[in-house]
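Data block below; observations after.
Here, each number is a calculation from the coordinates, and none is a lab measurement. Keep in mind it's a predicted model, so treat the numbers as computed, not measured. Neighbour counts run over all protein chains shown; Cβ positions are idealised from the backbone, glycine included.
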Amino acid sequence: ILLDGQDLRGIPPYRRPVNMMFQSYALFPHMTVENNIAFGLKQDGMPKPEIAARVGEMLKLVKLEQFAKRKPHQLSGGQRQRVALARSVAKRPKVLLLDEPLGALDKKLREETQFELMDLQQSLGLTFVVVTHDQEEA
């Protein structure tokens, strides 16, 4: 697989400029929203001031600044989805894989979120690969 002309086979998976947002969101229940978003950045050894700035940027991007200190069980399904999205783009991947990103949402929220995802894709300049079983979403 080539990405921007670079063969990814020789790059370890954790170093590839690709990230994934899981259908189940895969949030850590014992961590706050901000710590969930910061997790991958900490694993990469990013300096703490940069992590704080990036987490703040991601919270603003998904409109959850006021929820930074909450834990996932204190959020609605749509809010948990936004946290998962923020975490998946925090490392600034070139490609984002989304597994049924709208599957757990009701129809109204699904439609709103679909437009928000398109706006986010354009503003960040990411390539999205989306798995869906809904023909209208496709």
Computed over segment 8-72: relative contact order in percent, which uses C-alpha pairs under 8 Å that are six or more apart: 42 percent
Stretch gain in nm, segment R92-K60, where the contour uses 0.36 nm per residue and the Cα spacing is subtracted: 10.0 nm
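Two decimals, Cα atoms only, Kirkwood Rh: what is Rg/Rh over segment 42-105?
0.97
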Share antiparallel - DSSP beta bridges, segment 2-131, percent rounded to 5: 20 percent
Exposure proxy ranking, count of Cβ atoms within 10 Å, fewest first, for Y14, Y25: Y14, Y25
Filter on K48/K71; K42/K71; K71/K91; K60/K107; K69/K94; K63/K108 - keep pairs with C-alpha separation over 23 Å: K60/K107; K69/K94
Cα→Cβ-extended label distance, 7 Å offset, between A26 and M118, nm: 2.7 nm
Cα Rg, Dmax, the chain, angstrom units: 14.9, 43
The chain: calculated mean residue ellipticity at 222 nm from DSSP helix runs of at least 4, using -39500 (n - 2.57): -13500 deg cm²/dmol
Value of Rg to Rh for segment 1-72 (Rh from inverse mean 1/r over Cα pairs, i.e. Kirkwood): 1.04
5 angstrom amide H check on V130, placed H, neighbours 5+ away: L98
Relative contact order, percent, the chain [alpha-carbon distance under 8 Å, six or more residues apart]: 30 percent
Contour minus Cα-Cα distance for D106 and Y14 (0.36 nm per residue): 29.8 nm
